[in-house]
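I have placed the structure first, in the form of structure tokens, so that the comments after it can refer back to it.
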Amino acid sequence: MLKKNLLSIAVVTAAMSLAACNDTETVAEPTEPEVTTEETVVEPMAETDTAVEAEPMAEMDMEATQTIAEIAAENENLTILTAALQAAGLDTMLMEDTKHTVFAPTDDAFAPVLEKLGVTKEELLANTDLLNTVLPYHVLAMEVKAADIPYGTDIETANGATISISEDNVITDATGNTANITGTDIMATNGVVHTIDAVLMPE
């Protein structure tokens, strides 16, 4: 009888163990995430004008404050011209309000003239008749900026003779000699100065 009871208990225990095993081996299948067909719309950011317009540069005050004679007197490369104008009494003309254009020979430009004439600077400055003939030949009785130069035409000077200027800014005088314009548009209250590298000679 005891053996029968033990056998029954053993059978029941085995059955319970088997059932427990079956319960633990059951694994829940993973569920796939739900896929939606709706597209995610990303709203574009409002365009902002990031470009900053550059403010126009303030115009520099380029208003002339000196006369032609004063500009020449303060230019260290125009000392002989200044002295010649004063010796000939022409500096006062270039201090008046009337507009003029001056093709101003530099000090270096006078060197070949002194050598050609065989005179010193002092002797040249003493020859006022020559100065009153030559210096007005470098002056126009009007204001002509570089951009307004009438290339290839005869231009009448203050002494009545003419010069011509090529597009390369080369001046040809009445004797056929040439001078290069080396500096332009030095503005004065009564006109403009252009520097040249040779002295212009009338016939």
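The values are calculated or read from the model by the stated rules, or taken from the named source; none is laboratory data. Predicted model only: the values in this text are computed from it and were never measured. Cβ coordinates were reconstructed from backbone atoms using ideal geometry, including for glycine residues, and neighbour counts include every protein chain displayed. Only protein heavy atoms, including side chains, enter the accessible area calculation; ligands, DNA and RNA are left aside. Shrake-Rupley method; radii C 1.70, N 1.55, O 1.52, S 1.80 Å.
Structure above, values below:
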| quantity | calculated |
| --- | --- |
| Leading residue by the ranking (most open to solvent (accessible area, probe 1.4 Å)) among those in segment 82-96 that are outside any helix (DSSP H, G or I) and not polar (S, T, N, Q) | E96 |
| Residues within segment 52-88 that are at pLDDT below 95 and either among the aliphatic types (A, V, I, L, M) or closer than 30 Å to L124 by Cα (or both), tallied | 7 |
| Number of the exception - D108 against (1) in a helix (DSSP H, G or I); (2) in contact (Cβ under 8 Å) with a residue 40 or more places away in the chain; (3) out of contact with any Pro (no Cβ under 7 Å at 6 or more places or on another chain); (4) open to solvent by less than 70 Å² (accessible area, probe 1.4 Å) | (4) |
| Out of V119, V113, V102, sole residue that is surrounded by 13 or more Cβ atoms within 10 Å (Cβ to Cβ), more than 26 Å from I155 (Cβ to Cβ) and among the β-branched types (V, I, T) | V119 |
| Segment 129-152 - residue that is within 31 Å of the chain's Cα centre (by Cα) and of a type outside the set (A, V, I, L, M) and, of those, nearest to V113 (Cα to Cα) | H138 |
